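Input: a single structure, listed below in structure tokens.
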Amino acid sequence: MSDARRPLAILSPLLAPLALFLWGWAAGDYWRFVLTLVATSTVIGAALTMLVGFARCISLATGAMMGIGAYCSTLLILHAGLPFPVAVVASALAGGVGGLLLAIPAVRFKSHNLAMVTLVFQAVVIILVREMKSVTGGAEGLNVAPPVIFGQTISSDLVYLGMAACFCALALLPISVLLSGPYGRNLRALATNEVAARAFGIRIERYLMAAFTVSSAAIAMAGALAAPRFRIIDPDSFGLHTSIVMLAYPVIGGMTSIWGGILGGGLMRLLPELLRPIADYIELILAAIVILTVMFFRGGLTEIGERLCPRRTAPLAAAPDAPAERATTLPAPRPPSHAHAGDALVATNIVKRYGALAAVDDVTLAIRAGTLHGIMGPNGAGKTTFFNAVTGFIAPDAGRVVLFGQEAKPGRVEDRIALGITRTFQHVAIFPGLTCRDNVIAGLGRNGVRQSFRRSLDRALWSAAARDEHEAASWALAAVGLRSLAETRADQLSLGNQRRLEIARAIVSRPRLILLDEPVSGVSHGEVEQIVTLLRRLNVELGATMLIVEHNIGFLTALCDRISVMASGRIIADGLPAEVVARKEVRQVYFGEIEDAA
């Protein structure tokens, strides 16, 4: 997408409520009534796209959130005399608080367990509404007064539809901005690869709590807008059946785009009205649509649209299996922030035990700043465990890690990138649903929830900060030879190019220390030579220290300034590559050679 068209794409979801209003302008009062409910359903669908589609959190509490909005706005109007627009905004805030309260326990669970927590919340809210008869009217329901704005009672269905369309557009705008920007990208990243997401500063629990809060606020606003159309609200209107039906909105429309939620919500709310002549079979028809969609069109309506109107792509980007272009030397976007002096990493007496097994057994290792240091050893030697202890993925049982003279205290792995440490993984850990550029931008590490909110707005406005991120990603991709594939989805790359992409993501933040876990595992011989050249060049140009774990001895000896050998959780040799490989104890452990008896 061109930079000039980016704001237009973010604003495009607002066309949905506008189109519904124009439809209502030409229709009768009954259809204006229906289209108001359709408009609120598009907001619910968009909100569920954030939660179910992007964050992959199955929620069965949508009806409860809608009920919170409906009852909150109605009670504020009846007892506090608030104007209808103010009550709608207040109901959105109440829904956000409800979403946060739900998220605090829910994000501690996954999959069906998370769904069960939302189901309990749904049940508790409906029970409270039913039992608090003096406030909510209980099972008999609560009469909803016609909305009043500036002292005028809104009795016209067309005027109400126009007002609802405006509120729906206001609700869709922040959702579109967030899902189109770094926040939405990071949600998709953590949904596909939590380990890699954490390594680059994405705190899973906080992101999910934000998703619950934002989506619940939008759903509650939709409930407040729909309440006057219901005339009477009661607990059954917001029960579990409602939550289950609404869960189908992003499934039918498509879970990877806000347009999926909008189309799914609009269609699922409109179909019962269009199929009134066969109303007895409507639930069967809707269930069949959901099943057929899951079986044959998992991308929903948006997938069907893409099949009918495929996007035009550049020839090279459309052929991701083509060899990557030769990595080019580009001027760095800004000078390195660290100097080549002293030790980059000093790990002292690191111990990590799993029961009786000592995976890392009293390892002490010092790595000079600006050098390429390799670690080799047989399977089970403890290399990756040591890596994980340094990068914070596991807490060592004993020992200390000092980075550039500063002790790295045990803490969240998400904080390690702020210390200037990045890493790749033994098994390729890209974010498959994202483009190469978005994968690399995630590596910048500015991924706190509030930061991602601000950066999403920057990207929507295409501010100088967003342009700087774009240029930094282009530089990193060019450095590894993937610039022409910047807009290609990462899962369409060859394994060798995926390894390059991981390296680009690791270098884009210009870290002081890069840890590479088996960077040439599974790649061809020709690609191994290219990666050796690439890493040496990056070491010189960036001044970054690199610690590399690898089984390929030829790769390590060709690349590294120094090599350490691990076996049974201990360092058994350390020195220059040729000297280390020639040692008898190393050849015995690594190659299984048996020393001849004297």
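Mind counting the residues in region 228-245 that are hydrophobic (A, V, I, L, M, F, W, C), surrounded by fewer than 21 Cβ atoms within 10 Å (Cβ to Cβ) and under 21 Å from ILE58 (Cα atoms)? Outline the logic, then answer.
Filtering region 228-245 for residues hydrophobic (A, V, I, L, M, F, W, C) gives 230, 232-233, 238, 240, 244-245.
Filter again for surrounded by fewer than 21 Cβ atoms within 10 Å (Cβ to Cβ), leaving 230, 232, 240, 244-245.
Now drop any that are not under 21 Å from ILE58 (Cα atoms), which leaves 240, 244-245.
Selection size over region 228-245: 3.
Just one of ILE289, ILE285, ILE278, ILE262 is closer than 20 Å to GLY433 by Cβ, in contact with a helix residue (DSSP H, G or I) (Cβ under 9 Å, 6 or more places away or on another chain) and of a type outside the set (Lys, Arg); which is it? Working first, answer last.
Working: ILE289 fails: closer than 20 Å to GLY433 by Cβ; ILE285 fails: closer than 20 Å to GLY433 by Cβ; ILE278 fails: closer than 20 Å to GLY433 by Cβ.
Going through ILE289, ILE285, ILE278, ILE262 in turn, the sole match is ILE262.
Taking the options ILE262, ILE252, ILE291, ILE258, name whichever one is under 30 Å from ARG483 (Cα atoms), modelled with pLDDT of 90 or more and not charged (D, E, K, R). Spell out how you get there, then give the answer.
Working: ILE262 fails: under 30 Å from ARG483 (Cα atoms); ILE252 fails: under 30 Å from ARG483 (Cα atoms); ILE291 fails: under 30 Å from ARG483 (Cα atoms).
Going through ILE262, ILE252, ILE291, ILE258 in turn, just one is under 30 Å from ARG483 (Cα atoms), modelled with pLDDT of 90 or more and not charged (D, E, K, R): ILE258.
Pick from GLY254, GLY223: which is over 30 Å from ILE417 (Cβ atoms), within 20 Å of the chain's Cα centre (by Cα) and buried (at least 24 other Cβ atoms within 10 Å of the Cβ)?
Details: GLY223 fails: within 20 Å of the chain's Cα centre (by Cα).
Of GLY254, GLY223, the one residue that is over 30 Å from ILE417 (Cβ atoms), within 20 Å of the chain's Cα centre (by Cα) and buried (at least 24 other Cβ atoms within 10 Å of the Cβ) is GLY254.
Which helices (runs of 4 or more DSSP H) does region 97-186 wholly contain that include 1 or more residues that are open to solvent by less than 20 Å² (accessible area, probe 1.4 Å) and in contact with a strand residue (DSSP E or B) (Cβ under 8 Å, 6 or more places away or on another chain)?
Working: elements: 111-131, 133-136, 157-180.
Counting at least 1 such residues, we get 133-136.
Being out of contact with any Leu (no Cβ under 9 Å at 6 or more places or on another chain) and hydrophobic (A, V, I, L, M, F, W, C): is that true of LEU576 here? First the steps, then the outcome.
On the way: out of contact with any Leu (no Cβ under 9 Å at 6 or more places or on another chain): yes; hydrophobic (A, V, I, L, M, F, W, C): yes.
In short, yes.
Tally time: how many residues in region 192-207 are open to solvent by 20 Å² or more (accessible area, probe 1.4 Å) and either under 20 Å from ASP491 (Cβ atoms) or part of a helix (DSSP H, G or I) (or both)?
7
Show the residue pairs that are 6+ apart or on different chains and have beta-carbon atoms under 7 Å apart, the first residue being within region 439-459 and farther than 10 Å from ARG185 by Cα and free of Cβ contacts under 8 Å to residues at least 60 places away in the same chain, the second being among the polar types (S, T, N, Q) and crowded, with 19+ Cβ neighbours inside 10 Å.
Here the result reads none, with nothing in region 439-459 linked to a residue that is among the polar types (S, T, N, Q) and crowded, with 19+ Cβ neighbours inside 10 Å.
Taking region 433-484, which residues are touching an Asp or Glu at 6+ places or on another chain (Cβ under 7 Å), farther than 30 Å from LEU495 by Cα and of a type in the set (Gly, Ala, Ser)?
Within region 433-484, ALA465 is the sole residue that qualifies.
Filter region 28-76 for residues that are over 22 Å from GLU273 (Cβ atoms) and more than 30 Å from the chain's Cα centre (by Cα); which is surrounded by the most Cβ atoms within 10 Å (Cβ to Cβ)?
Looking at the filtered set, the residue picked out is SER73.
Consider GLY81 carefully, then state whether it is within 21 Å of SER134 (Cα to Cα) and not hydrophobic (A, V, I, L, M, F, W, C). Let's see the steps before the verdict.
On the way: within 21 Å of SER134 (Cα to Cα): yes; not hydrophobic (A, V, I, L, M, F, W, C): yes.
It is true that GLY81 is within 21 Å of SER134 (Cα to Cα) and not hydrophobic (A, V, I, L, M, F, W, C).
Working carefully through the options ALA347, ALA339, find the one that is modelled with pLDDT under 85 and open to solvent by less than 80 Å² (accessible area, probe 1.4 Å). Steps first, please.
On the way: ALA347 fails: modelled with pLDDT under 85.
Exactly one residue qualifies, and that residue is ALA339.
Give the residue, chosen from ALA191, ALA199, that is aliphatic (A, V, I, L, M), closer than 28 Å to PHE393 by Cα and in contact with a strand residue (DSSP E or B) (Cβ under 8 Å, 6 or more places away or on another chain). If you could, list the steps in order and put the result at the bottom.
Working: ALA191 fails: in contact with a strand residue (DSSP E or B) (Cβ under 8 Å, 6 or more places away or on another chain).
Checking each option against the conditions leaves just ALA199.
Just one of THR118, THR40 is under 20 Å from ALA227 (Cα atoms), modelled with pLDDT of 95 or more and β-branched (Val, Ile, Thr); which is it? Even if it seems obvious, please write down each step before you answer.
Numbers: THR118 fails: under 20 Å from ALA227 (Cα atoms).
Result: THR40 is the single residue among THR118, THR40 that is under 20 Å from ALA227 (Cα atoms), modelled with pLDDT of 95 or more and β-branched (Val, Ile, Thr).
How many of the residues making up region 455-494 are within 21 Å of PHE200 (Cα to Cα), of a type in the set (A, V, I, L, M, F, W, C) and part of a helix (DSSP H, G or I)?
11
Output yes when any residue across region 266-281 is within 22 Å of ILE175 (Cα to Cα), surrounded by 12 or more Cβ atoms within 10 Å (Cβ to Cβ), of a type in the set (A, V, I, L, M, F, W, C) and modelled with pLDDT of 90 or more, and no when none is. Even if it seems obvious, please write down each step before you answer.
So the first thing to find is which residues in region 266-281 are within 22 Å of ILE175 (Cα to Cα), and the list is 266-269.
Filter once more, keeping what is surrounded by 12 or more Cβ atoms within 10 Å (Cβ to Cβ): 266-269.
Those left that are additionally of a type in the set (A, V, I, L, M, F, W, C): 267-268.
From what's left, modelled with pLDDT of 90 or more: 267-268.
Within region 266-281, one or more residues are within 22 Å of ILE175 (Cα to Cα), surrounded by 12 or more Cβ atoms within 10 Å (Cβ to Cβ), of a type in the set (A, V, I, L, M, F, W, C) and modelled with pLDDT of 90 or more.
The values are calculated or read from the model by the stated rules, or taken from the named source; none is laboratory data. Since the structure is predicted, the reported quantities are computational estimates derived from the model, not experimental observations. Quick reminder, even Gly has a Cβ in these numbers, built from the backbone with ideal geometry, and neighbours come from all protein chains shown. Quick note on the areas: whole protein, heavy atoms, side chains included, nothing else; ligands and nucleic acids left out. Shrake-Rupley method; radii C 1.70, N 1.55, O 1.52, S 1.80 Å.
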